[in-house]
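The structure appears below as structure tokens.
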Amino acid sequence: MAKSKTIGSAEIHAAIDRMAAAITARHGRDAKLILLGIANGGVALAHRLTRKIPHAQTGTLDISFHRDDIGRNPIPKEFKPTLLPCDVNGATVVLVDDVLFSGRTVKAALDELFDHGRPATVELAVLVDRGGRRLPVAAGYTGLTFPAGDGEKVVVVIDGKNPASDHIRIAPKPKR
């Protein structure tokens, strides 16, 4: 991709509606359905999905201490700690993230989740699957699929206060 591409809020909202409908169709009114947003990109998306799946509970997973690149990318000064809405043992947990790329973030999220208990089932929901997997990871719920190369960056903005400003930008990575 030589130039940037932007996806607007209407397409994003339709994708979120499809994801919520698919989760609801699979789990109905499961009493112990937990959507855990992977900090930081998946948190706003998890909250948005939970508004459409009112019986689901929402929490946050901080993966900072489980990343395999912690030596190159130190823990950010500001982060959202892991906050679980209830005991995850025996629960159906849907990990939620904005972009699925290599699969390493999902692996770190699983490590963090299993530090807190043993869910009955763990699934993955992502707004954007950009391809490029390096680990055997696949999302059960995908809003949009945009193949992006290693030289491209996918930035998702889910605005909790102004959904009309939600957007996704796919652009060339800046040269270093």
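The values are calculated or read from the model by the stated rules, or taken from the named source; none is laboratory data. Please read these numbers as outputs of a predicted model, since none were measured by experiment. No Cβ is skipped: glycine too gets one built from the backbone with ideal geometry, and neighbour counts run over all protein chains shown.
Tabulated data for the structure shown
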item: Residue match in the stretch 132-141 (condition: among the aromatic types (Phe, Trp, Tyr) and either at pLDDT 95 or above or loosely packed, with under 14 Cβ neighbours inside 10 Å (or both)); result: yes
item: Flag if ILE170 is in contact with a helix residue (DSSP H, G or I) (Cβ under 7 Å, 6 or more places away or on another chain) and either within 25 Å of LEU61 (Cβ to Cβ) or not hydroxyl-bearing (Ser, Thr, Tyr) (or both); result: no
item: Flag for LEU124 being surrounded by 21 or more Cβ atoms within 10 Å (Cβ to Cβ), in contact (Cβ under 8 Å) with a residue 40 or more places away in the chain and not β-branched (Val, Ile, Thr); result: no
item: Filter result for HIS13 (out of contact with any strand residue (DSSP E or B) (no Cβ under 7 Å at 6 or more places or on another chain), assigned to a helix (DSSP H, G or I), at pLDDT 95 or above and not small (Gly, Ala, Ser)); result: yes
item: Extreme residue, farthest from MET19 (Cα to Cα), among residues of the stretch 58-84 that are modelled with pLDDT of 90 or more and in contact with a Lys or Arg (Cβ under 8 Å, 6 or more places away or on another chain); result: ASP62
item: Selection count where residues are in contact with a Phe, Trp or Tyr (Cβ under 8 Å, 6 or more places away or on another chain) and within 21 Å of HIS13 (Cα to Cα), scope the stretch 130-147; result: 1
item: Strands (runs of 3 or more DSSP E) contained in the stretch 83-176 and holding at least 2 residues under 26 Å from HIS27 (Cα atoms); result: 92-100, 121-129, 141-145
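Residues are listed down the side, and each one gets a yes or a no for (1) under 16 Å from VAL93 (Cβ atoms); (2) more than 11 Å from the chain's Cα centre (by Cα); (3) not β-branched (Val, Ile, Thr):
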{"residue": "LYS5", "(1), (2), (3)": "no, yes, yes"}
{"residue": "ALA21", "(1), (2), (3)": "no, yes, yes"}
{"residue": "ARG26", "(1), (2), (3)": "yes, yes, yes"}
{"residue": "ALA31", "(1), (2), (3)": "yes, yes, yes"}
{"residue": "ILE34", "(1), (2), (3)": "yes, yes, no"}
{"residue": "GLY41", "(1), (2), (3)": "no, no, yes"}
{"residue": "LEU45", "(1), (2), (3)": "yes, no, yes"}
{"residue": "THR50", "(1), (2), (3)": "yes, yes, no"}
